[in-house]
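Structure record follows, encoded as structure tokens.
The values are calculated or read from the model by the stated rules, or taken from the named source; none is laboratory data. Quick caveat: nothing in here was measured; it's all calculated off a predicted structure. So basically every Cβ, Gly included, is an ideal-geometry build from the backbone, and we count neighbours across all protein chains shown. Calculation scope for accessible area: heavy atoms of the full protein, side chains included, ligands and nucleic acids excluded. Shrake-Rupley method; radii C 1.70, N 1.55, O 1.52, S 1.80 Å.
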Amino acid sequence: QFPFGRRLPCDIYWHGVSFHDNDIFSGQVNKFPGMTEMVRKITLSRAVRTMQDLFPLEYNFYPRSWILPEEFPLFVAEVRMMKDSDPSWKPTFIVKPDGGCQGDGIYLIKDPSDIRLTGSIQSRPAVVQEYICKPLLVDKLKFDIRLYVLLKSLEPLEIYIAKDGLSRFCTEPYQEPTLKNLHQVFMHLTNYSLNIHSGNFIHSDNVNTGSKRTFSSILCRLSSRGADVKKLWSDIISLVIKTIIALTPELKVYYQSDIPAGKPGPTCFQILGFDILLMKNLKPMLLEVNANPSMRIEHEQELSPGVFENVPSPVDEEVKVAVIRDTLRLVDPQKKKRKDVQQHIESCKSKINIRYNYLMCYRCQTVEHVSEANEELLDAGPADRREYGTTKSPEAGLPSLCLKQVFPKYAKQFNYLRLVDRVAALFIRFLGVKGTTKLGPTGFRTFVRNCKLSNSSFSMASVDILYIDITRRWNSMGIDHKESGMCLQAFVEAFFCLAQKKYKSLPLHEQVKSLIDFCEYHLAALDEKRLVCGRG
């Protein structure tokens, strides 16, 4: 541990909180720039909502959400409209502070008028979501799943999911929300940090019992009841990939800001904690994503009033040690070197075999020629020759990987969803100044001009008005005032607006795809023209 930083370079840096814990210029770091900001409740909700606008059916795993305070009037109006259309609808909503963690500040309401608007919501924005009233219960208790996901690379996108996770249980039998039980946090909130303070919390040395269990133990139980566990895993993998696809566009903007292309800098990877709730019909729903999931493998036990000691937690140890160990195996910089050496060995063996076969065909060759053909092998010496190509891997004694690659393995199934990624690439191209995350008015005009989007019905004056209107509105929402200009979310909104103007008769995702293709075509032609001019 180096609490004051370290001057000498390292292979891997393991930061406690964020990418900016220390200034580093090489190696690998276990945090992505911007990840902490991206998985905050408001930012995550906005990113998923953009994808819901494009692909509503594919992104129906995230509860309907409203951002407070800015969308409070919209929340009130939509709830009133839904109640008018279906008088039998008796919803419950859950309010989550934007920067909250460990269940801090979360509460349930039955009506928009119950939101605590006095002071706190103005100074502490929040997300309000439709509460999932019919969760899957085990032993009459509500529970959620913490799954560990390794984002190994942004470009190319590489995602791994741990084969096991944790199931965190409430400590009071579940009942659907009523005005009487809304405030019973041990019944409704699955947060471990809350339930550990319940008198009913059970610490168990068995991964199949207690208030915290392995997810695999729940799957075994479901399988014994005849549930389709394979489909459930497939749905969870789909949820994880789609969520990361929603997050990557803005992550790439943060990444290029901190690690500009063409400049030396570290590469990044990160372990994320996905919190997932299973509905009664086994449909997985995303609750939130944690950028810094706890990796503690012990818990505090009170020996006497005010006296605590740390006690090992077998459940945490079984899941978390494997995740950390296998993350390091996957990002091990020596692994590539060993792979390169092995490839060189295989290449040498191949050359030797070709030469040997050639010599056998033409027996007139002398023994000296045979020796020459095998010189690489002979030079190694007898001891080395025995291990040539059969070197024991340092991983030989370790268990098989607990992390399963899901992307690019399933890329063909999900690449069609990556439209906003392509919009972000256009945004980054026109940012101009390296290290910035916002697009100025000149950059926006250049984008419109180079992509040939202005015409008689959409003049450059209209372009300026569109830029000013959208940028002003997004800036009024409190989106990062460190630098002026148009953020990525504002650019995406402007891009959608341009797509709807140009391709009126198509569904939104087809409008956006058509405009992306149109822009990429004109930019490719412009690049080709510049290349020809450069050669001239």
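General remarks:
- Of the residues examined, V39 is one that is touching a strand residue (DSSP E or B) at 6+ places or on another chain (Cβ under 6 Å) and under 17 Å from K252 (Cα atoms).
- Filtering the stretch 207-234 to residues that are touching a residue at least 60 places away in the same chain (Cβ under 8 Å) and either farther than 24 Å from I161 by Cβ or not basic (K, R) (or both) leaves V207, G210, T214, F215, I218, L222.
- Unique residue being of a type outside the set (D, E), open to solvent by 20 Å² or more (accessible area, probe 1.4 Å) and over 25 Å from S294 (Cβ atoms) when the list is P173, P177: P173
- When residues in the stretch 94-113 are screened for being farther than 27 Å from K280 by Cα and surrounded by fewer than 15 Cβ atoms within 10 Å (Cβ to Cβ), 2 of them pass.
- Being at pLDDT 90 or above and open to solvent by 60 Å² or more (accessible area, probe 1.4 Å) is a property that T190 lacks.
- Out of E130, E176, E172, E78, sole residue that is in contact with a helix residue (DSSP H, G or I) (Cβ under 7 Å, 6 or more places away or on another chain), over 30 Å from I324 (Cα atoms) and of a type in the set (D, E): E172
- Annotation note: of L251, L272, L219, the sole residue that is aliphatic (A, V, I, L, M), out of contact with any Ser or Thr (no Cβ under 6 Å at 6 or more places or on another chain) and closer than 15 Å to L137 by Cα is L219.
- Scanning the stretch 1-17 for residues that are within 17 Å of G27 (Cβ to Cβ) and within 25 Å of the chain's Cα centre (by Cα) gives D11, I12, Y13, W14, H15, G16.
- Flag for V423 being open to solvent by less than 40 Å² (accessible area, probe 1.4 Å) and in contact (Cβ under 8 Å) with a residue 24 or more places away in the chain: yes
- Subset tally (residues that are in contact (Cβ under 8 Å) with a residue 40 or more places away in the chain and either loosely packed, with under 13 Cβ neighbours inside 10 Å or in a strand (DSSP E or B) (or both)) for the stretch 193-205: 1
- Within the stretch 446-484, tally of residues that are open to solvent by 10 Å² or more (accessible area, probe 1.4 Å) and either outside any helix (DSSP H, G or I) or closer than 22 Å to Y255 by Cβ (or both): 17
- Filtered residues of the stretch 25-67 (kept if closer than 30 Å to R325 by Cβ, assigned to a loop (DSSP other than H, G, I, E, B) and open to solvent by 20 Å² or more (accessible area, probe 1.4 Å)): F25, S26, G27, R40
- Test: residue in the stretch 147-156 that is aliphatic (A, V, I, L, M), more than 30 Å from P399 (Cα to Cα) and open to solvent by less than 30 Å² (accessible area, probe 1.4 Å): no
- F2 vs. criteria buried (at least 20 other Cβ atoms within 10 Å of the Cβ) and either touching a strand residue (DSSP E or B) at 6+ places or on another chain (Cβ under 7 Å) or free of Cβ contacts under 8 Å to residues at least 40 places away in the same chain (or both): no
- Residues (of a type in the set (A, V, I, L, M) and either over 30 Å from V128 (Cβ atoms) or at pLDDT 90 or above (or both)) located in the stretch 1-51: L8, I12, I24, V29, M35, M38, V39, I42, L44, A47, V48, M51
- All positions within the stretch 68-93 that are among the polar types (S, T, N, Q) and loosely packed, with under 12 Cβ neighbours inside 10 Å: S85, S88
- Condition met for Q122 (under 24 Å from G273 (Cα atoms), at pLDDT below 90, polar (S, T, N, Q) and out of contact with any strand residue (DSSP E or B) (no Cβ under 6 Å at 6 or more places or on another chain)): no
- The number of residues in the stretch 206-257 that are more than 26 Å from V39 (Cα to Cα), assigned to a helix (DSSP H, G or I) and touching a helix residue (DSSP H, G or I) at 6+ places or on another chain (Cβ under 8 Å) comes to 4.
- Screening L515 against (1) farther than 19 Å from Y416 by Cα; (2) in contact with a Leu (Cβ under 8 Å, 6 or more places away or on another chain); (3) open to solvent by less than 60 Å² (accessible area, probe 1.4 Å) leaves a single unmet condition, (1).
- Taking the criterion of being among the polar types (S, T, N, Q) and within 34 Å of the chain's Cα centre (by Cα), the residues of the stretch 431-462 that qualify are T436, T437, T442, T446, N450.
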